[in-house]
1. Determine the shape class of segment 43-119: with a ≥ b ≥ c the square roots of the Cα gyration tensor eigenvalues, call it rounded for a/c under 1.5, and otherwise prolate if a/b is greater than b/c, oblate otherwise.
2. Let me know the Kirkwood hydrodynamic radius for segment 69-110, please, with Cα pairs as the basis and the value in Å to one decimal.
3. Compute the distance from the alpha-carbon center of segment 143-161 to that of segment 101-131, in whole Å.
4. Per residue and in Å³, how big is the convex hull formed by the alpha-carbon atoms of segment 125-204?
Amino acid sequence: MKISRRNFLKLSGLAALTGTLAAKLGCAPEEPTPTDPDDPTPVIDDPEELRVQYADTVIQICSFCGVGCGVLCYVENGEIIATEGDPDHPISEGTLCSKGSALFNQYYIYENGEATMNPQRMTKVLYRAPRATDWEEIDWDTAISEIARKTKDVRDEYFIETNDNGEVANRCEALAWVGSAMCNNEENYLYRKFVAAMGIVNNDHCARL
Ligand code: SF4
């Protein structure tokens, strides 16, 4: 029988359900006891499971496109040590395309077979002043206040209440807004309402959400 990845995940779910039922009926093999962090002897024989056994699981959305597949990120000591498809996600059901499967590589680069944190990944806000050649680090509060102030100033200066025919326009053509594939449906709804309330007509997104 040919088994697709999706079918495999469904069958895995069925197997887990059957195992639970068997355990309830008292005929399943004993569950392994969790490994003691101070005991070097592993009781989990699946290398992947062993790798993430002490990691926190953070549920995320793939950042690459608007399909918005669910991703489980395993975090240990503040670093992502593995990612995989989220089997509970209603859209992707544990599957990821080749880009999503390679999501881990946003955080790491490989040199001589060793994975090291990608030094080009930005984790702080960088600001380059007009005509300056260098970037400087600023905090989030300063950045958000600055963006809000400039957005309001531009909107006030260029807001068009009526067009050349004297008809009501209420729009601002001097601002543009680009959405994010990281937003869910509800966030995109609010974002679209906000953009419309601002009168911004240049509104786009890589996945047209
Ligand atoms: S890039 Fe692939 S895994 Fe990521 S959201 Fe799009 S389809 Fe899903």
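Every read-out reported here was derived from the displayed coordinates using simple, explicitly stated rules and does not represent laboratory data. Not measured: the values here are computed from a predicted model.
1. oblate
2. 10.7 Å
3. 31 Å
4. Spelled out: Cα convex hull of segment 125-204, divided by residues, is 131 Å³.
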